[in-house]
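A.B. asks: One structure is given below, represented as structure tokens, and several questions about it will come after.
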């Protein structure tokens, strides 16, 4: 990353935030960070199946917000993994941490190896109008990717 930065290129990093100790060292080289927030931090294991993953993602979110680096936090929505209440709880927590930019992405079944997830996905229209409106109130930059 340093070599590329020294060549005059900008650095964009997409991460799930599972290695906050590494992230702290490379944030100064980044011009932008896309951080996937997979679930409410206290229920991360439901989605990731990895013990302690919520604490790591939370720490990474704190690091990105404190860094001053341009960022986007985003969540991929699948109703088998997250409820609308989960998404609202995440929005409240992230906004409380100082997050200004958030995107809710609709799960895309293309190339998903998990047959059950593929078959149980819903289109973006499956998200209630109430949730859409609520999410807009928490962030200065909010979008839904369909």
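A.B. asks: Given a Förster radius of 25 Å and the C-beta distance between residue 31 and residue 130 as r, what FRET efficiency does 1/(1 + (r/R0)^6) yield to the nearest 0.05?
C.D. replies: Efficiency, rounded to the nearest 0.05: 0.10.
A.B. asks: With labels modelled as points extended 7 Å from the Cα through the Cβ direction, what inter-label distance (nm, one decimal) is found for residue 110 paired with residue 70?
C.D. replies: For residue 110 paired with residue 70, the spin-label model returns 2.6 nm.
A.B. asks: Calculated FRET efficiency, residue 95 and residue 117, Cβ-Cβ r, R0 35 Å, to nearest 0.05?
C.D. replies: On the way: r = 28 Å, r/R0 = 0.80.
Working from the Cβ atoms, E equals 0.80.
A.B. asks: Among 23-32, 75-84, how do they line up from the highest to the lowest mean number of other beta-carbon atoms within 10 Å? Before the final figure, lay out the partial values.
C.D. replies: Values: 23-32: 15.2, 75-84: 17.7.
For the peptides 23-32, 75-84, the packing ranking is 75-84, 23-32.
A.B. asks: Could you work out how far helix 53-67 tilts from the main Cα principal axis of the chain, as a 0 to 90 degree angle to the nearest 10?
C.D. replies: That works out to roughly 50 degrees.
A.B. asks: Then there's this: On C-alpha positions alone, give me the angle between the axis of helix 84-97 and the longest principal axis of the chain, in degrees, nearest 10.
C.D. replies: It works out to around 30 degrees.
A.B. asks: Helix 129-138: angle to the longest alpha-carbon principal axis of the chain, degrees 0 to 90, nearest 10?
C.D. replies: 20
A.B. asks: What span do the alpha-carbon atoms of the chain cover on each of the three principal axes, reported in whole Å from largest to smallest?
C.D. replies: Principal extents (largest minus smallest coordinate, Cα): 45, 35, 28 Å.
A.B. asks: Compute the length gained on full extension between residue 146 and residue 10: take 0.36 nm times their separation in residues and subtract their Cα-Cα distance, giving the result in nm to one decimal. Let's see the in-between values first.
C.D. replies: Values: separation 136, 0.36 × 136 = 48.96 nm, distance 2.75 nm.
Separation in residues times 0.36 nm, less the Cα-Cα distance, equals 46.2 nm.
A.B. asks: Arranged by the count of other C-beta atoms within 10 angstrom, fewest first, what order do 140, 60 take?
C.D. replies: Details: 140 10, 60 25.
The order, fewest Cβ neighbours first, is 140, 60.
Values in this text are rule-based calculations from the coordinates and carry no lab data. Being a predicted model, the structure only gives us computed values, none of them experimental. Heads up, the Cβs are rebuilt from the backbone with ideal geometry, glycines too, and the neighbour counts pull from every protein chain shown.
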